[in-house]
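The structure appears right after this line, and notes come after that.
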């Protein structure tokens with residue numbers, strides 16, 4: 001998106017040779033003014049300029065500021081404003097002054113867009129809840145009539161998948177204020193969560209004939225305080241990515257390490273790895289670093305962003321290592337009782 005739609009064509013002006021005492025209140029009230037010399041704009045005077053410089057005339061108080069092109073993208077303009085420490089700059093088109101750009105207008109627009117997108121997302125999530133609930137009901141009915149053990153096992157997997165989706169939807173539908181609270185309200189057995197997550201991915205593992213190794217074998221409890229749905233979502237996301245980006249007959253290893261007060265889960269894969277040029281954008285929302293899986297599996301670009309956000313919210317240590325062509329390792333570090 002370009003800045004053109006945010007350019008203001010109406011603005012306050014002051015003459016370059018006016019005395020500072022005459023315009024001080026005007027500058028403070030309007031967050032600055034375009035400075036004119038013989039009716040032509042020569043710059044922008046901000047309240048910060050008046051504080052930074054001790055001078056009598058407007059022209060002596062002006063600091064040099066960059067000019068913006070009307071064809072700049074929003075992110076480019078914001079970067080220039082940040083570097084110049086200026087929230088308002090003059091905008092030109094083909095050397096002609098056409099208006100000013102106010103960082104506050106862009107910020108307000110982006111906040112409104114986020115609110116609209118959030119409302120739309122909540123609507124979509126809410127609409128998904130009923131179909132999934134209906135599917136769970138149908139699966140329950142089918143479970144009563146099946147006799148073949150293999151069919152029953154597949155049905156159990158389907159029910160677990162529906163329950164996981166339903167739990168995720170319930171979490172997403174919670175008010176935003178609730179989601180942002182760090183609620184250490186339940187004991188979470190990390191090893192039991194790992195076992196559940198492994199059960200969830202069995203069909204996908206078998207489909208790609210991936211070897212799954214767990215070391216050392218899970219045989220003890222590891223209790224942390226947190227939100228079981230959120231922690232499970234993190235582990236599910238990392239395992240899902242490992243499967244997605246590991247070729248057929250590759251390997252995924254879940255390594256657990258317990259110390260006196262910390263429990264580390266490492267999820268390593270022999271997949272395609274992450275190129276160096278993608279790493280700076282890896283955790284961006286709808287990241288440009290998103291890629292399809294080794295069997296063409298689709299991706300939203302949200303998984304790692306969500307994972308990082310949850311880890312920050314619940315104070316879970318999170319790190320990774322990756323080499324293109326050799327695979328990736330993601331680390332989760334939990335405080336334990």
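Here the strands (runs of 3 or more DSSP E) wholly within region 247-337 that include at least 3 residues being more than 20 Å from the chain's Cα centre (by Cα) are 251-258, 262-269, 327-335.
Conditions (1) within 14 Å of residue 191 (Cα to Cα); (2) out of contact with any helix residue (DSSP H, G or I) (no Cβ under 7 Å at 6 or more places or on another chain); (3) buried (at least 18 other Cβ atoms within 10 Å of the Cβ), marked per residue:
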{"site": "218", "(1), (2), (3)": "yes, no, no"}
{"site": "241", "(1), (2), (3)": "no, no, yes"}
{"site": "257", "(1), (2), (3)": "yes, yes, no"}
{"site": "272", "(1), (2), (3)": "no, yes, yes"}
{"site": "307", "(1), (2), (3)": "no, no, yes"}
{"site": "332", "(1), (2), (3)": "yes, no, yes"}
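Checking the conditions here, which among 72, 45 is under 28 Å from the mean Cα position of the chain (by Cα) and under 25 Å from residue 109 (Cα atoms)? Exactly one of 72, 45 is under 28 Å from the mean Cα position of the chain (by Cα) and under 25 Å from residue 109 (Cα atoms), namely 72. Does residue 71 satisfy the criteria of being outside any strand (DSSP E or B), closer than 17 Å to residue 2 by Cβ and at pLDDT 90 or above? When the stated conditions are applied, residue 71 passes them.
Checked against (1) surrounded by 13 or more Cβ atoms within 10 Å (Cβ to Cβ); (2) over 23 Å from residue 197 (Cα atoms); (3) out of contact with any strand residue (DSSP E or B) (no Cβ under 6 Å at 6 or more places or on another chain), residue 276 passes all but condition (1). On the given criteria, is residue 101 closer than 30 Å to residue 285 by Cα, part of a strand (DSSP E or B) and either without any contact (Cβ under 8 Å) to a residue 60 or more places away in the chain or in contact with a strand residue (DSSP E or B) (Cβ under 6 Å, 6 or more places away or on another chain) (or both)? Criteria met by residue 101. The set of residues from region 55-80 being surrounded by 14 or more Cβ atoms within 10 Å (Cβ to Cβ), over 24 Å from residue 15 (Cα atoms) and touching a helix residue (DSSP H, G or I) at 6+ places or on another chain (Cβ under 8 Å) comprises 70, 72, 74, 77, 78.
On the given criteria, is residue 267 crowded, with 19+ Cβ neighbours inside 10 Å, closer than 25 Å to residue 211 by Cβ and out of contact with any strand residue (DSSP E or B) (no Cβ under 7 Å at 6 or more places or on another chain)? So residue 267 does not fit the description; no. I'd like to check something: does region 166-173 contain any residue that is closer than 16 Å to residue 237 by Cα and at pLDDT 85 or above? Scanning region 166-173 turns up no residue that is closer than 16 Å to residue 237 by Cα and at pLDDT 85 or above.
The sole residue among 212, 238 that is in contact (Cβ under 8 Å) with a residue 24 or more places away in the chain and under 22 Å from residue 310 (Cβ atoms) is 238. Only one of the listed residues (269, 257) is at pLDDT 95 or above and either in the same structural domain as residue 292 (by TED's automatic domain parsing) or over 19 Å from residue 334 (Cβ atoms) (or both). That residue is 269. Return yes when residue 233 is exposed (fewer than 14 other Cβ atoms within 10 Å of the Cβ), assigned by TED's automatic domain parsing to the domain that holds residue 309 and touching a helix residue (DSSP H, G or I) at 6+ places or on another chain (Cβ under 9 Å) and no when it is not. Spelling it out, it is not the case that residue 233 is exposed (fewer than 14 other Cβ atoms within 10 Å of the Cβ), assigned by TED's automatic domain parsing to the domain that holds residue 309 and touching a helix residue (DSSP H, G or I) at 6+ places or on another chain (Cβ under 9 Å). Looking at region 1-62, the strands (runs of 3 or more DSSP E) lying wholly inside it that each contain 2 or more residues that are without any contact (Cβ under 8 Å) to a residue 24 or more places away in the chain sit at 33-37. Of all residues in region 236-246, those that are in a loop (DSSP other than H, G, I, E, B) and either over 13 Å from residue 212 (Cα atoms) or outside the structural domain of residue 186 (by TED's automatic domain parsing) (or both) total 1.
The values are calculated or read from the model by the stated rules, or taken from the named source; none is laboratory data. All of these numbers come straight from a predicted model, not from anything done at the bench. Please note: Cβ atoms are built from the backbone with ideal geometry, for glycine as well, and neighbour counts cover all protein chains shown.
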